Amino acid sequence: MSGIRGTSVRAALLTVPLAVAGVLGTAVAPAGATPHPDKSLTCRGEGVDPRAQVRSRIETVIHAPLSTMWKLQTDVERWPSWQAPVQTIERLDHGPFRQGSAFRWTTPIPPNPATPATSLDITSTVKQLKRGSCIRWTGPAIGEGLRIDGVHVWNLTKVKGGVLVRTEETHTGDQVEADVPTATKILHEGLKGWLGDLKATAEARAGHPSH
């Protein structure tokens, strides 16, 4: 489950939702451009929900070591230090981040035609993981008048000058399926915000200025 961070929320947090691709200088597909990619991202052979109507997939190259990105993504208890929309987070297990690890976190979402503004309580469980390569987690997000079941896949691949980070997520649930375009836009903006925060933080730690 991603941080489901819409336009109004990220604007209030001094972030840039729809324009983030231009700011970062990355190739990000516009919302709805490829609602059902021919081949979804996978981790150890498992991908997103193939039946989901609400889905988004984006990617970017981050100029930082793979180890930096992996640490940022898997040290979940520190997410609030570099992702402002993550309000609270609690690791539900101990030890190395691994298959079966679980964490509970909260993030706000803006109002939309189907639901009021609310805060989502998300419980994510890691279903597949390959160290330094991919993560797939699933779990429900519960808010006022809203339930979303999400599947989120991350792929990291070393490329010249950095790491290609690709992410794809699907949402299912009566409320999001009642307005698929709006739900897709909110999800897409949330993924762009997450990837933008990851890029800025990883490149700053690597001493490489983001563009």
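The conditions of being open to solvent by 70 Å² or more (accessible area, probe 1.4 Å) and under 25 Å from Ala183 (Cα atoms) are met by Thr88.
Restricting the first member to region 72-86 and to residues that are under 17 Å from Ala102 (Cα atoms), and the second to residues that are aromatic (Phe, Trp, Tyr), the beta-carbon pairs closer than 7 Å and six or more apart or on different chains are Leu72/Trp82; Gln73/Trp154; Thr74/Phe97; Val76/Phe103; Val86/Trp79; Val86/Trp105.
Yes/no matrix, rows are residues, columns are (1) within 20 Å of Leu120 (Cα to Cα); (2) open to solvent by 20 Å² or more (accessible area, probe 1.4 Å); (3) not in a strand (DSSP E or B):
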residue	(1), (2), (3)
Arg51	no, yes, yes
Arg55	yes, no, no
Ile58	no, no, no
Ala64	no, no, yes
Met69	no, no, yes
Arg78	yes, yes, yes
Ala84	yes, yes, yes
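Criterion applied to Gly193, Gly132 was being assigned to a loop (DSSP other than H, G, I, E, B) and modelled with pLDDT of 95 or more, and the one residue passing it is Gly132. Being among the small types (Gly, Ala, Ser), in contact (Cβ under 8 Å) with a residue 12 or more places away in the chain and in contact with a helix residue (DSSP H, G or I) (Cβ under 6 Å, 6 or more places away or on another chain) is not true of Gly150. If the condition is being outside any helix (DSSP H, G or I) and without any contact (Cβ under 8 Å) to a residue 60 or more places away in the chain, then region 171-190 contributes only Gly173.
The values are calculated or read from the model by the stated rules, or taken from the named source; none is laboratory data. Predicted model only: the values in this text are computed from it and were never measured. Positions of Cβ are backbone-derived with ideal geometry, glycine not excepted, and every protein chain shown enters the neighbour counts. Surface accessibility is based on the protein's heavy atoms, side chains included, excluding ligands, DNA and RNA. Shrake-Rupley method; radii C 1.70, N 1.55, O 1.52, S 1.80 Å.
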